[in-house]
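The values are calculated or read from the model by the stated rules, or taken from the named source; none is laboratory data. Please read these numbers as outputs of a predicted model, since none were measured by experiment. Cβ sites come from the backbone with ideal geometry, for glycine too, and all protein chains shown count toward neighbours. Just the protein is used for accessible areas: all its heavy atoms, side chains included, with ligands, DNA and RNA removed. Shrake-Rupley method; radii C 1.70, N 1.55, O 1.52, S 1.80 Å.
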Amino acid sequence: MPLPTTFFCDLAVAGVQALQPYQPGKPIEELQREYGVTDIVKLASNENPLGPSPKALAAARETFAELHRYPDGNGFALRQALAAHHDVDPLSITLGSGSNDLLEMVARAFLGPGREAVFSKHAFAIYAIASQAVGATPVAAPANPREHAQPFGHDLDAMRAAITADTRVVFIANPNNPTGTWLAAEELERFFDSVPRDVIIVLDEAYVEYAEAAPGYREGSAWVARYPNLVVTRTFSKAQGLAGLRVGYGLSHPQVADLLNRVRMPFNVSIPAQAAAVAALADAEHVQASVRLNREEMQRLQAQLEGLGLRWLPSAGNFLCVEVGPRAADVYEGLLRRGVIVRPVGGGYGLPTFLRMSIGLQRENGRLLQALGELREQGLLQVA
Ligand SMILES: *Cc1c(COP(=O)(O)O)cnc(C)c1O
């Protein structure tokens with residue numbers, strides 16, 4: 001007898017039944033396959049257009065002869081390097097297969113049925129997914145209004161108000177993806193002071209390197225000593241250009257790190273990833289060059305978008321959330337047909353008139369601009 005079409009769905013735990021899978025930026029190969037387009041520019045996943053440090057690549061390559069071995073499950077060398085880099089105890093570091101892995105570890109260690117996770121509307125989609133997957137209740141606090149200096153960004157007062165006796169985790173992205181908005185150090189400190197100590201605060205700093213010049217911004221590693229309920233997450237996927245290797249980490253109180261390490265899968269960070277991360281950490285020049293390129297290209301792109309009559313949200317990241325108007329889906333499609341992949345942020349992100357565009361190389365941003373110009377000619381863009 002054939003199975004009813006919902007047979008396995010009904011078997012899944014309740015949180016998983018209700019999950020919408022994460023929608024990643026469209027891969028280059030998929031666009032090639034589906035549209036037959038070549039010479040594709042991908043500005044959809046906030047990757048570093050310069051690629052990784054050549055030293056990180058060389059370090060990864062040198063490990064290839066030992067790939068029949070398991071990695072060091074404790075990641076000794078990388079944790080030592082990170083501890084020195086941040087001037088913290090190695091026991092306060094938890095390694096992840098990307099920082100997404102950390103978000104999931106926090107959810108598995110601290111969330112579950114009957115518990116709540118608070119995050120901001122228009123924040124990174126993984127917060128809701130990781131919480132729901134373990135049966136917890138995701139609570140999206142209202143975001144800043146459009147007129148705010150940080151439009152659609154985190155409203156920390158609203159987030160504080162959303163915390164109940166059942167809240168165990170609060171997720172904050174600073175800067176936030178997909179909006180690009182950021183929080184000043186003083187408002188974060190006020191928030192940390194106001195949150196009960198039995199609520200874990202995750203401060204997701206995936207874009208920290210790009211944000212350091214943003215007014216009021218301060219990176220959060222020093223707060224870990226002051227707020228034992230704080231977990232700062234970092235990644236090698238963005239400014240270090242190692243998204244494909246999957247390596248990130250958390251900084252926290254050693255007791256929290258111990259709990260995270262209990263739910264961490266053994267060998268979650270591969271041998272090449274550990275080696276590349278150690279080398280990337282030592283190559284500050286590459287990060288500086290990446291940040292400089294981002295700043296220069298962001299300014300150029302903004303001037304050109306303004307020329308097209310477009311508006312965008314303030315950004316402390318390596319991307320811009322650009323308002324293209326009610327036909328954003330057609331604009332996205334039109335860009336795909338011209339070989340340019342950007343990121344829709346309607347659906348799960350609740351910003352249906354916007355598209356998120358990563359800052360690429362000058363040539364890549366030029367392709368984006370040219371394509372947007374053509375779509376404007378077709379009347380698809382809502383311009384000021
Ligand atoms: C890109 C991104 C990450 C990084 O994910 P990895 O798993 O480290 O590749 C984390 N948080 C936010 C908000 C991001 O945009």
With all protein chains present, segment 222-350 has a carbon and sulfur share of its accessible area (1.4 Å probe) in percent of 53
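Provide the gained length on full extension for the span Glu30 to Ala161, in nm with one decimal, where the gain is 0.36 nm per separating residue minus the Cα-Cα distance. Kindly include the intermediate steps, with their values, before the conclusion.
Values: separation 131, 0.36 × 131 = 47.16 nm, distance 4.26 nm.
Answer, rounded to one decimal: 42.9 nm.
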On the accessible surface of segment 51-154, probed at 1.4 Å with all protein chains in place, carbon and sulfur together account for a percent value of 57
One would report the antiparallel percent of DSSP beta bridges in the chain, rounded to the nearest 5, as 45
Between the alpha carbon centres of segment 177-191 and segment 24-41 the gap in Å comes to 34
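Based on Cβ point charges of +1 for Lys and Arg and -1 for Asp and Glu, what charge dipole magnitude is obtained for the chain about its Cα centre, in debye rounded to the nearest 20?
On the way: 34 positive and 40 negative charges, 79 e Å.
Taking the Cα centre of the chain as origin, the dipole is about 380 debye.
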Here FRET efficiency (C-beta to C-beta, Arg292 to His68, R₀ 41 Å, nearest 0.05) is 0.55
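What's the magnitude of the charge dipole for segment 54-282 around its Cα centre, counting Lys and Arg as +1 and Asp and Glu as -1 at the beta-carbon? Answer in Debye, nearest 20. Mind dumping the intermediate values first?
On the way: 19 positive and 23 negative charges, 105 e Å.
Approximately 500 debye in magnitude.
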Here the relative contact order (percent) of the chain, from C-alpha pairs under 8 Å and at least 6 apart, is 23
From DSSP H assignment alone, runs of 4+ in the chain each adding -39500 (n - 2.57), the sum over residues rounded to the nearest 500 puts [θ] at 222 nm at -11500 deg cm²/dmol
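How much net charge surrounds Arg190 when only other residues with a Cβ under 11 Å from its Cβ are counted (Lys, Arg +1; Asp, Glu -1)? Could you put the intermediate results ahead of the total?
On the way: positive: Arg160; negative: Asp157, Glu186, Glu187, Glu189, Asp193.
My count for the surroundings of Arg190 gives -4.
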Extend 7 Å from the Cα of Ala77 along its Cα-to-C-beta direction; within segment 256-287, residues with backbone N under 16 Å of that point are 269-283
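Assign unit charges at the C-beta atoms only (+1 for Lys and Arg, -1 for Asp and Glu), then state the dipole size of segment 12-131 relative to its Cα centre in Debye, rounded to the nearest 20.
160
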Of the residues Ser53, Thr38, Gly309, the Cα lying farthest along the dipole of the chain towards its positive end, which is defined by charges on the beta carbon of Lys, Arg, Asp and Glu, belongs to Thr38
Output ordering of 142-153, 237-248 (per-residue mean of other Cβ within 10 Å, highest first) is 237-248, 142-153
Within the under-11-Å Cβ sphere about Tyr207, not counting Tyr207, Lys/Arg +1 and Asp/Glu -1 give a net charge of -3
Among Lys26/Lys121; Lys121/Lys238; Lys42/Lys238, the pairs whose Cα-Cα distance exceeds 21 Å are Lys26/Lys121; Lys121/Lys238
Using alpha-carbon coordinates alone, the radius of gyration and Dmax of segment 54-282 in Å work out to 17.3, 56
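Using Cα pairs under 8 angstrom and six or more residues apart, how large is the relative contact order of segment 54-282, in percent?
Working: 459 pairs, mean separation 68.0, N = 229.
That works out to 30 percent.
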Along segment 91-97, Karplus-curve 3J(HN,Hα) (6.51, -1.76, 1.60; θ = phi - 60°) to the nearest Hz, with x for Gly and Pro, reads 6, 8, 10, 10, 8, x, 7
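Test of understanding: express the Cα radius of gyration of the chain as a ratio to 2.2 N^0.38 Å, with N the residue count. Intermediate values should be presented prior to the final figure.
Details: Rg = 20.9 Å, N = 384, 2.2 N^0.38 = 21.1 Å.
Computed over Cα atoms of the chain, the ratio equals 0.99.
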Given a 1.4 Å probe, the accessible area of the chain per residue, as a whole number of Å², is 45
